[in-house]
Amino acid sequence: MKGKFSLFGAMAGAALSASLFASPAGASALEQRAQEHSRSDQGEARREMRAGNQLSLRQIERRILPQMRGSEYLGPSYDSTARAYRLKFIRDGRVTYIDVDARTGRVIGRSN
């Protein structure tokens, strides 16, 4: 699981590098591909939830947010391959990611 989410970090780093060092047209194409991938994952999450194969994001947030009192919730991302949500929080300048199995709502990873 950890490796799959590392791909998100690599993609974000590549997008940042491209936007800093490439031509504006190249950065726009990379950003567009990242947005298309994100929309695809979001659509997959909705289909799986409607089919009853996994919990909705709201159900998962209701389970996790109370456990993170004192932290600011920055938002979710969804990985359709792993069928997992990654919820991002910040507290005292430190970012924490909580990885949650979308099928069960079980926390499967935490990184600080």
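The values are calculated or read from the model by the stated rules, or taken from the named source; none is laboratory data. Predicted model, so just to flag it, every value in this text is computed and none were measured. Note that we place each Cβ from the backbone using ideal geometry, even for glycine, and neighbour counts take in every protein chain shown.
May I ask you to verify whether residue 43 is of a type in the set (Gly, Ala, Ser) and either touching a Ser or Thr at 6+ places or on another chain (Cβ under 6 Å) or not in a helix (DSSP H, G or I) (or both)? No, not satisfied.
Only residues that are closer than 23 Å to residue 50 by Cβ, in contact with a helix residue (DSSP H, G or I) (Cβ under 7 Å, 6 or more places away or on another chain) and part of a strand (DSSP E or B) were counted across the stretch 64-109, and they come to 9. Out of all the residues in the stretch 74-82, is one or more surrounded by 14 or more Cβ atoms within 10 Å (Cβ to Cβ), modelled with pLDDT of 90 or more and touching a Ser or Thr at 6+ places or on another chain (Cβ under 9 Å)? Within the stretch 74-82, one or more residues are surrounded by 14 or more Cβ atoms within 10 Å (Cβ to Cβ), modelled with pLDDT of 90 or more and touching a Ser or Thr at 6+ places or on another chain (Cβ under 9 Å).
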